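**Student:** Just passing along the structure, written as structure tokens.
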Ligand SMILES: Nc1ncnc2c1ncn2[C@@H]1O[C@H](COP(=O)(O)OP(=O)(O)OP(=O)(O)O)[C@@H](O)[C@H]1O
Ligand SMILES: [Mg+2]
């Protein structure tokens, strides 16, 4: 009975239904004081839903919540905050044009008379960042900050409200490996001070490193709770997906053919007209996967956008299938065999308010069979959608569901289904598995290798070393807008890649392959 | 070592305030020059500039309070018109000017409540909501307006003692009727509220990222309601200004598009009260000049062209010199709570 008292948070028999989806099906979950409790599960398993219920954003249809052993009702984030619950959301909840200090105090503002006390706000940022060794500049504007720092601001927001329970929903999805390490240090510090943490991620390695206990969810239910000592990656993956998962990609050696993409001396600017891609040369041949490795923010985004016609090219040349491409013309590229998995699936991959069926014909809607003269051919669009949803295992109540209400993994599957369903000579995949569960990653990796084996060239841009190492035949490392090295995948190891990505000169890292000899 | 830093600071200063500084200096020089030549006309033009700007600033304050909280209000014209009418009617039947003004404010606020209900609660398209208000106001005033009613007096200038005696500044700033004084105070008050109080911070957060505000326990709907209703009250005050302070009676469609010009003024002022005031003063100045030119009669240009002057001048100066501003990110988008 006294067990009850020790839980910082406990939920019992939580049920939450959305139209056509049972997102939480009698979920039981508890969190001990000062522990890191990892929550694992496929895309759409209901993790975010459960956290939103705890944080008062959703109202459960059934079930009870206990905080420190006391039954509570949480009707709004206001209640949650009062009960000492803080949440860092999967998609950050920061006002981009506000400063760090303004974001920190929003909703709980210190005042002097009637006025905002911005001086006190700044001081609060400084104090908190000192106490928890979370360095941030109080007067920096959020939109100018890298995601890793934005995340610190989110954590500070929770700490400022004196959160005793901290929910981190996929905090590592957008972080660089270094930032992940820093986050783990912060998490440890917090638990030492008695904060309890719920940590959601898809990365099994991370779970095994940081978690004290692991709860796995599948299709709205809790499959089980285990300790990291009792399991390994393969076991966790199997628990999540309900079958064995091949974590290692199986692929035969590449058989490169003629070049399909040639890039010469490409120069591209970013939003602020600074040079983001600096005289880049690249070649992708049919039947090979070229990986672009690099820490986020070294020009990969701009490179991908330029190659897909979304961003103007300032200098240099780009040939697709040997022919120069017209500037800024995505439709030309699509019609000439380019497929694109964009980095930001919600912004560039889908129209969130459209149905799945409509999203699946975004590139081809104007052509037969989807168009008849000026009219849409609804029958063909529906048929196409039903076929693809089945083939690509998109989990959705219907093809007329809007893309926006799908879970992240299923949104990505819709994009992949659309892009892979037409003849492809060149695939540009930018962070294709960000935020996806192991099952979906396995699936998308298999598809990419398949596409390569069918004779398409693939340009894979990824910040995940594992992904690059396991998929790419050749690897180009990007640092500060330049390609600093291009190597065969089998001639380089993780450590070397890591050093190159961090800016060590290629001559030093690769210069003497056998120093002893 | 110091030079590059201070040079950079200077550059930043120049980028932010350069245009404003140049315009202010030129304006002050011109005023001084004309005042030395024709003091009466200069005084008259400047005083008229200030008064012409009143309904525009009030309208713009109404617009920007709403839009800072992400509710677009294109019904300002209607709010002003119906408020002008009711302020006038109340004055006609009670003989009391203060009651008239209060009635105008109340009508504006009520129409604000209607707009908030339509766009925040019912989530009707905000452009349609505003249009409903405009049509409603035109219909109601057209139907109930009777020719031949006359107001009991009008709000007259109140000279502020010795201050009103200062040359140039006195007659322009310290010899105005009450709503004009109130407007000057309101510009600074709204500026203070928006940028220096918790309420203002929350309002701006709701306009930029309502979900973020929601996750911090801020009631998005409440913030929107309050801002739109208070904005409506300001538009109502503008209406009362037109019928009880500027003219002293009511005419059909007497707002004459000022509610829409106010929106332009709000945008030119980059959604800030002080900026809007600047833009409104410019527009007011052009209107005052136009009147001078038309009655001065030295120019032989068709009066239609002179009538275009305020609009042209405003567009040229503001489009040419004031950079683009970005509206609040969530502007015009109804907020949908989930779950
Ligand atoms: N607001 C909503 N309206 C309708 N359905 C929803 C809503 N939010 C979530 N769902 C559905 O509920 C299910 C669970 O979604 P949830 O976001 O909790 O998954 P998740 O485990 O967080 O997945 P991911 O790892 O992709 O973030 C999904 O099928 C999703 O489509
Ligand atoms: Mg989620």
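The values are calculated or read from the model by the stated rules, or taken from the named source; none is laboratory data. Predicted, not measured: the structure shown is a model, and the values here were computed from it. When we count neighbours, we look across all protein chains shown, and the Cβ atoms used for this are built from the backbone with ideal geometry, even at glycine.
**Student:** Answer with yes or no whether residue A:91 is within 16 Å of ligand 1 (Cβ to nearest atom) and either closer than 23 Å to residue A:155 by Cβ or surrounded by fewer than 19 Cβ atoms within 10 Å (Cβ to Cβ) (or both).
**Tutor:** On the way: within 16 Å of ligand 1 (Cβ to nearest atom): yes; either closer than 23 Å to residue A:155 by Cβ or surrounded by fewer than 19 Cβ atoms within 10 Å (Cβ to Cβ) (or both): yes.
For residue A:91, the condition - within 16 Å of ligand 1 (Cβ to nearest atom) and either closer than 23 Å to residue A:155 by Cβ or surrounded by fewer than 19 Cβ atoms within 10 Å (Cβ to Cβ) (or both) - is met.
**Student:** Out of A:74, A:53, which single residue is within 12 Å of ligand 1 (Cβ to nearest atom) and either closer than 30 Å to residue A:439 by Cβ or surrounded by fewer than 23 Cβ atoms within 10 Å (Cβ to Cβ) (or both)?
**Tutor:** Values: A:74 fails: within 12 Å of ligand 1 (Cβ to nearest atom).
One residue alone meets the criteria, A:53.
**Student:** Say we look at segment B:208-229 and pick out the residues that are part of a helix (DSSP H, G or I) and either at positive phi or facing another protein chain (nearest Cβ under 8 Å) (or both); which of these is surrounded by the fewest Cβ atoms within 10 Å (Cβ to Cβ)? Before you say what the answer is, go through the steps one by one.
**Tutor:** First pass over segment B:208-229, keeping only residues part of a helix (DSSP H, G or I): B:208, B:210-215, B:220-229.
Checking the rest, the ones that are also either at positive phi or facing another protein chain (nearest Cβ under 8 Å) (or both) come to B:208, B:211-215.
Numbers: B:208: 22, B:211: 18, B:212: 25, B:213: 28, B:214: 24, B:215: 24.
If we take residues in segment B:208-229 being part of a helix (DSSP H, G or I) and either at positive phi or facing another protein chain (nearest Cβ under 8 Å) (or both), then B:211 is surrounded by the fewest Cβ atoms within 10 Å (Cβ to Cβ).
**Student:** Right, another one. Can residue A:265 be described as at positive phi and in the same structural domain as residue A:311 (by TED's automatic domain parsing)? Walk me through how you get there before you give the answer.
**Tutor:** Values: at positive phi: yes; in the same structural domain as residue A:311 (by TED's automatic domain parsing): yes.
Criteria met by residue A:265.
**Student:** Considering segment A:108-125 alone, what residues qualify as being in a helix (DSSP H, G or I) and either at the interface with another protein chain (Cβ under 10 Å from one of its Cβ atoms) or over 19 Å from residue A:182 (Cα atoms) (or both)?
**Tutor:** So the first thing to find is which residues in segment A:108-125 are in a helix (DSSP H, G or I), and the list is A:118-125.
Hits for segment A:108-125 are A:118, A:119, A:120, A:121, A:122, A:123, A:124.
**Student:** Just checking, which of A:353, A:440 is buried (at least 20 other Cβ atoms within 10 Å of the Cβ), more than 23 Å from residue A:303 (Cβ to Cβ) and modelled with pLDDT under 95?
**Tutor:** Working: A:353 fails: buried (at least 20 other Cβ atoms within 10 Å of the Cβ).
From the options A:353, A:440, the qualifying one is A:440.
**Student:** Here's a follow-up. Give me the pairs: first residue in segment A:407-423 and under 16 Å from residue A:395 (Cβ atoms), second residue within 16 Å of ligand 2 (Cβ to nearest atom) and modelled with pLDDT of 90 or more, beta-carbon distance under 7 Å, and six or more apart or on different chains, which are they?
**Tutor:** A:411/A:403; A:414/A:403
**Student:** Could you go through segment A:104-111 and let me know if any residue there is on the phi < 0 side of the Ramachandran plot and either within 16 Å of ligand 1 (Cβ to nearest atom) or in contact with a strand residue (DSSP E or B) (Cβ under 6 Å, 6 or more places away or on another chain) (or both). Give the steps one after another, and end with the answer.
**Tutor:** Here is the first cut: in segment A:104-111, the ones on the phi < 0 side of the Ramachandran plot are A:104-106, A:108-111.
Subset that is either within 16 Å of ligand 1 (Cβ to nearest atom) or in contact with a strand residue (DSSP E or B) (Cβ under 6 Å, 6 or more places away or on another chain) (or both): A:109.
Scanning segment A:104-111 turns up at least one residue that is on the phi < 0 side of the Ramachandran plot and either within 16 Å of ligand 1 (Cβ to nearest atom) or in contact with a strand residue (DSSP E or B) (Cβ under 6 Å, 6 or more places away or on another chain) (or both).
**Student:** Here's a follow-up. Can you list the helices (runs of 4 or more DSSP H) found entirely within segment A:126-239 that contain at least 2 residues being within 16 Å of ligand 1 (Cβ to nearest atom), within 14 Å of chain B (Cβ to nearest Cβ) and out of contact with any helix residue (DSSP H, G or I) (no Cβ under 6 Å at 6 or more places or on another chain)? Before you say what the answer is, go through the steps one by one.
**Tutor:** Details: elements: A:147-160, A:177-192, A:204-210.
Because the criterion is at least 2 residues that are within 16 Å of ligand 1 (Cβ to nearest atom), within 14 Å of chain B (Cβ to nearest Cβ) and out of contact with any helix residue (DSSP H, G or I) (no Cβ under 6 Å at 6 or more places or on another chain), no helices (runs of 4 or more DSSP H) in segment A:126-239 meet it.
**Student:** Might you let me know whether segment A:170-177 holds any residue that is outside the structural domain of residue A:431 (by TED's automatic domain parsing) and more than 22 Å from the chain's Cα centre (by Cα)? Give the derivation first.
**Tutor:** Filtering segment A:170-177 down to residues outside the structural domain of residue A:431 (by TED's automatic domain parsing) leaves A:170-177.
From what's left, more than 22 Å from the chain's Cα centre (by Cα): none.
Scanning segment A:170-177 turns up no residue that is outside the structural domain of residue A:431 (by TED's automatic domain parsing) and more than 22 Å from the chain's Cα centre (by Cα).
**Student:** I need the full set of residues from segment B:128-155 which are within 19 Å of residue B:236 (Cα to Cα) and in a loop (DSSP other than H, G, I, E, B), in order please. Let's see the steps before the verdict.
**Tutor:** Filtering segment B:128-155 for residues within 19 Å of residue B:236 (Cα to Cα) gives B:129-142, B:144-145, B:151, B:154-155.
Within segment B:128-155, B:145, B:151, B:154, B:155 meet the criteria.
**Student:** Okay, next question. Inspect segment A:79-96 for any residue being within 16 Å of ligand 2 (Cβ to nearest atom), touching a strand residue (DSSP E or B) at 6+ places or on another chain (Cβ under 6 Å), assigned to a strand (DSSP E or B) and within 13 Å of chain B (Cβ to nearest Cβ) and give the result as yes or no. Please lay out each step first, then the result.
**Tutor:** Filtering segment A:79-96 for residues within 16 Å of ligand 2 (Cβ to nearest atom) gives A:87-93.
Applying the additional criterion that residues be touching a strand residue (DSSP E or B) at 6+ places or on another chain (Cβ under 6 Å) yields A:87-90.
Filter once more, so that each one left must be assigned to a strand (DSSP E or B): A:87-88.
If we keep only those that are within 13 Å of chain B (Cβ to nearest Cβ) as well, we get A:87-88.
Within segment A:79-96, one or more residues are within 16 Å of ligand 2 (Cβ to nearest atom), touching a strand residue (DSSP E or B) at 6+ places or on another chain (Cβ under 6 Å), assigned to a strand (DSSP E or B) and within 13 Å of chain B (Cβ to nearest Cβ).
**Student:** Out of curiosity, is residue A:291 on the phi > 0 side of the Ramachandran plot, touching a strand residue (DSSP E or B) at 6+ places or on another chain (Cβ under 9 Å), in contact (Cβ under 8 Å) with a residue 40 or more places away in the chain and crowded, with 22+ Cβ neighbours inside 10 Å?
**Tutor:** On the way: on the phi > 0 side of the Ramachandran plot: no; touching a strand residue (DSSP E or B) at 6+ places or on another chain (Cβ under 9 Å): yes; in contact (Cβ under 8 Å) with a residue 40 or more places away in the chain: yes; crowded, with 22+ Cβ neighbours inside 10 Å: yes.
Judged against the criteria, residue A:291 is not a match.
**Student:** Restricting to segment A:15-47, and then to whatever is buried (at least 24 other Cβ atoms within 10 Å of the Cβ) and within 14 Å of another protein chain (Cβ to nearest Cβ), can you tell me which residue is farthest from ligand 1 (Cβ to nearest atom)?
**Tutor:** Among residues in segment A:15-47 that are buried (at least 24 other Cβ atoms within 10 Å of the Cβ) and within 14 Å of another protein chain (Cβ to nearest Cβ), the one farthest from ligand 1 (Cβ to nearest atom) is A:24.
**Student:** Can you name the number of the only condition in (1) within 30 Å of residue B:119 (Cα to Cα); (2) more than 11 Å from chain A (Cβ to nearest Cβ); (3) surrounded by fewer than 24 Cβ atoms within 10 Å (Cβ to Cβ) that residue B:238 fails?
**Tutor:** So residue B:238 meets the others, but not (3).
**Student:** Out of the residues in segment B:187-206 that are more than 20 Å from the chain's Cα centre (by Cα) and in a helix (DSSP H, G or I), which is surrounded by the fewest Cβ atoms within 10 Å (Cβ to Cβ)?
**Tutor:** Pass one, segment B:187-206, residues more than 20 Å from the chain's Cα centre (by Cα): B:196-199, B:201-202, B:205-206.
Remaining after also requiring in a helix (DSSP H, G or I): B:196, B:198-199, B:201-202, B:205-206.
On the way: B:196: 14, B:198: 20, B:199: 16, B:201: 25, B:202: 23, B:205: 29, B:206: 29.
Checking each candidate, the answer is B:196.
**Student:** Give me the pairs, please: first residue somewhere in segment A:448-459 and closer than 13 Å to residue A:337 by Cα, second residue anywhere and part of a helix (DSSP H, G or I), beta-carbon distance under 9 Å, and either six or more positions apart or on two chains.
**Tutor:** So the pair list comes out as A:451/A:420; A:458/A:448; A:458/A:449; A:458/A:451; A:458/A:452; A:458/A:471.
**Student:** Quick one: in segment A:331-350, which of the residues that are assigned to a loop (DSSP other than H, G, I, E, B) and more than 15 Å from residue A:427 (Cα to Cα) is modelled with the highest pLDDT?
**Tutor:** Filtering segment A:331-350 for residues assigned to a loop (DSSP other than H, G, I, E, B) gives A:336-337, A:342-344, A:350.
Remaining after also requiring more than 15 Å from residue A:427 (Cα to Cα): A:344, A:350.
On the way: A:344: 83, A:350: 94.
Restricting to residues being assigned to a loop (DSSP other than H, G, I, E, B) and more than 15 Å from residue A:427 (Cα to Cα), the top hit is A:350.
**Student:** So, one more: When you check residue B:183 against the structure, is it more than 30 Å from residue B:97 (Cβ to Cβ) and either away from chain A (no Cβ under 14 Å) or modelled with pLDDT under 95 (or both), yes or no? So that I can check it myself, show each step before the final result.
**Tutor:** Values: more than 30 Å from residue B:97 (Cβ to Cβ): no; either away from chain A (no Cβ under 14 Å) or modelled with pLDDT under 95 (or both): yes.
Against the criterion (more than 30 Å from residue B:97 (Cβ to Cβ) and either away from chain A (no Cβ under 14 Å) or modelled with pLDDT under 95 (or both)), residue B:183 does not qualify.
Let's see how each residue does on (1) within 16 Å of ligand 2 (Cβ to nearest atom); (2) in a loop (DSSP other than H, G, I, E, B); (3) under 27 Å from residue A:171 (Cβ atoms):
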{"residue": "A:396", "(1), (2), (3)": "yes, yes, yes"}
{"residue": "A:410", "(1), (2), (3)": "yes, no, yes"}
{"residue": "A:418", "(1), (2), (3)": "no, no, no"}
{"residue": "A:439", "(1), (2), (3)": "yes, no, yes"}
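**Student:** Here's another thing I want to ask about it. Being at pLDDT 90 or above and outside any helix (DSSP H, G or I) is the requirement here; does residue A:461 meet it? Step through it out loud before you land on a result.
**Tutor:** Values: at pLDDT 90 or above: yes; outside any helix (DSSP H, G or I): yes.
Yes.
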